[in-house]
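One structure below.
The values are calculated or read from the model by the stated rules, or taken from the named source; none is laboratory data. Here the structure is a predicted model, which is why all the values come from computation and not from measurement. Glycine gets a Cβ as well: all are built from the backbone with ideal geometry, and neighbour counts include every protein chain shown. Surface accessibility is based on the protein's heavy atoms, side chains included, excluding ligands, DNA and RNA. Shrake-Rupley method; radii C 1.70, N 1.55, O 1.52, S 1.80 Å.
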Amino acid sequence: FLITAIAVIGIGDSTLDVFSLIEDPNSRRAQAAMDRLGVWCEGLDDDYKIIEVRGDKLDASRQYTQPEIYSLLSPGNNDSRQSSSPGKGTVDNSGTGNNSEATFLNEYRAFIIENPGVSEISYWLIKMPRDAIDLEYSVRVTSDSRNAVYLWLFAAVSITLFTTNCILLSLYLSKRIRKPLQTISQGMQQIKDGEPNVVLDFNAQMEFVGIKDSFNFMSQQLESEKQARQLSEQRKNLLLLDLSHDIKTPITTITAYAQALGEGLVEEPKHQQYLQTISAKAVRVNELTDDLFTMLSMENPDNPIQVELIDIIELVRVACAAFYDEILEHGLALTLNLAEDTLLIDADKKLLARALENLISNAIKYNITGQAIEVTVTSSVDQLQIIIADDGELIAADQRDRVFDAFTRGDSARSSAEGSGLGLAIAKTIVEKHGGSINYSASDHRNCFTITLKL
């Protein structure tokens, strides 16, 4: 806001005379003022030596020191001459050094101005008695028509300026504050209505820019979470669809065989064969449902893992020993590359063993063309790796990116009717639940599944 004040300064004729002296000591008007006020002017050089005098000089000074100049310019400081140290142009003025002269000097007030001319005079010192001039400042309102016009003009200008300032401030606030707030409000309403990819874009002050960036970040996070939920929902739906398809076949077999046995349609010698088939299919259904339960429970964030300090070397050794007979039945050779020392890690022993069993079982089931399985454990300062490799036919390149998806099975030599199609997906979920990672690579004509965990 523009704050305006006007003061009418009332000054007497003597004051105008002093102003004329200060303006130009050489003018006729200045000479007349000197005569009326008892004032005289002294022309000084750079060393404050008096070169020229105009008017009736009432003292005997011919040269000044800096303290004397300060005393004249700062009335009432009677000790300035004694306390100040000499500076440029200061000389010992014996003509003005007595007490009577000092008293005489202090009875005067003075003004000093620089002389813009080219003469030897550098300054004009105007000296006058202290009671020669009194300045009074007052606000005076009269009935003079000119003052009334000025006052009305001032009032009109002030009102105009105030109104203009208000309008400009309103426009400023509208542009800088109201519009950004409206844009932010609209964006929030769009998110509330479920619109995707809501992004704010406007120019404003830094405070609103920070709010805009935070809003856009929040919008992106909400959109990412929404897409993740949709993907998870689609994945679960596909999981249930594939599971129902895989369960349908063994249940159909169980139903048909049980019905045939119940109606006496099966001859006595084949009863045992039918019962064994029914049992095998029941085991298959149990495996499918158990794998599905494990996977869904692992994906549930409210289902934490039971962490304890375990020896990973011993865990791998026990898991491999459990499959030793099955490995021999398939005509495969098992090689273990394990450290002799213990390697401790915080993990859920049961779940991590399940992940290892799934990877070893996968290597046995799908290694139709190979002859060997190799399990290696390596460690560094901050992590360990468990590598399970087989020399069977490599997984097709177009299937490697989705090998850990649920119900994904290899084709060609690695195809098999066995397994639920959830083994690798479960292993991946368990490892990620431990803050680790699992990946597939084809190295040295071998299929390598690598688990990486932090120590």
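For segment 202-220, a residue qualifies if it is open to solvent by 80 Å² or more (accessible area, probe 1.4 Å) and either among the polar types (S, T, N, Q) or touching a helix residue (DSSP H, G or I) at 6+ places or on another chain (Cβ under 8 Å) (or both), and the qualifying residues are Asn203, Ile211, Gln220.
Taken together, the residues in segment 443-455 that are open to solvent by 50 Å² or more (accessible area, probe 1.4 Å) and either part of a strand (DSSP E or B) or more than 14 Å from Ala389 (Cβ to Cβ) (or both) amount to 3.
Results for (1) over 24 Å from the mean Cα position of the chain (by Cα); (2) open to solvent by 80 Å² or more (accessible area, probe 1.4 Å), shown as yes or no for each residue.
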{"site": "Leu168", "(1), (2)": "yes, yes"}
{"site": "Pro180", "(1), (2)": "no, no"}
{"site": "Ile191", "(1), (2)": "no, no"}
{"site": "Leu243", "(1), (2)": "yes, no"}
{"site": "Ala256", "(1), (2)": "yes, no"}
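Can you tell me which residue within segment 273-286, out of those that are of a type outside the set (Lys, Arg) and closer than 10 Å to Ile247 by Cα, is least open to solvent (accessible area, probe 1.4 Å)? Step by step, filter segment 273-286, then rank; the result is Val285. One residue is enough: does segment 282-302 have a residue meeting the conditions modelled with pLDDT of 90 or more and not hydroxyl-bearing (Ser, Thr, Tyr)? No: zero hits. For segment 31-38, the criterion of being assigned to a loop (DSSP other than H, G, I, E, B) and modelled with pLDDT of 80 or more is met by none of the residues.
Those residues that are touching a residue at least 24 places away in the same chain (Cβ under 8 Å) and in a loop (DSSP other than H, G, I, E, B), I need them from segment 294-309; list them, please. Answer for segment 294-309, where residues must be touching a residue at least 24 places away in the same chain (Cβ under 8 Å) and in a loop (DSSP other than H, G, I, E, B): Ile305, Gln306, Val307. Residues in segment 366-376 that are surrounded by fewer than 21 Cβ atoms within 10 Å (Cβ to Cβ) and not in a loop (DSSP other than H, G, I, E, B): Ala372, Glu374, Thr376. Within segment 423-455, the set of residues being closer than 20 Å to Ile368 by Cβ and of a type in the set (A, V, I, L, M, F, W, C) comprises Leu424, Ala442, Cys448, Phe449. Looking only at segment 343-358, residues that are surrounded by 21 or more Cβ atoms within 10 Å (Cβ to Cβ) and within 23 Å of Asp391 (Cα to Cα) come to 3 in all. Among all residue pairs at least 6 apart or on different chains, which show Cβ distances below 8 Å where the first residue, located in segment 377-401, is open to solvent by less than 70 Å² (accessible area, probe 1.4 Å) and the second is small (Gly, Ala, Ser) and assigned to a loop (DSSP other than H, G, I, E, B)? Once the first residue is open to solvent by less than 70 Å² (accessible area, probe 1.4 Å) and sits in segment 377-401, its partners that are small (Gly, Ala, Ser) and assigned to a loop (DSSP other than H, G, I, E, B) give Val377/Ala339; Asp390/Gly370; Asp391/Gly370; Gly392/Gly370; Ile395/Gly410; Ala396/Gly410; Gln399/Gly410. Of all residues in segment 303-342 being among the polar types (S, T, N, Q) and at pLDDT 80 or above, which is most open to solvent (accessible area, probe 1.4 Å)? Residue satisfying both the conditions and the ranking: Gln306.
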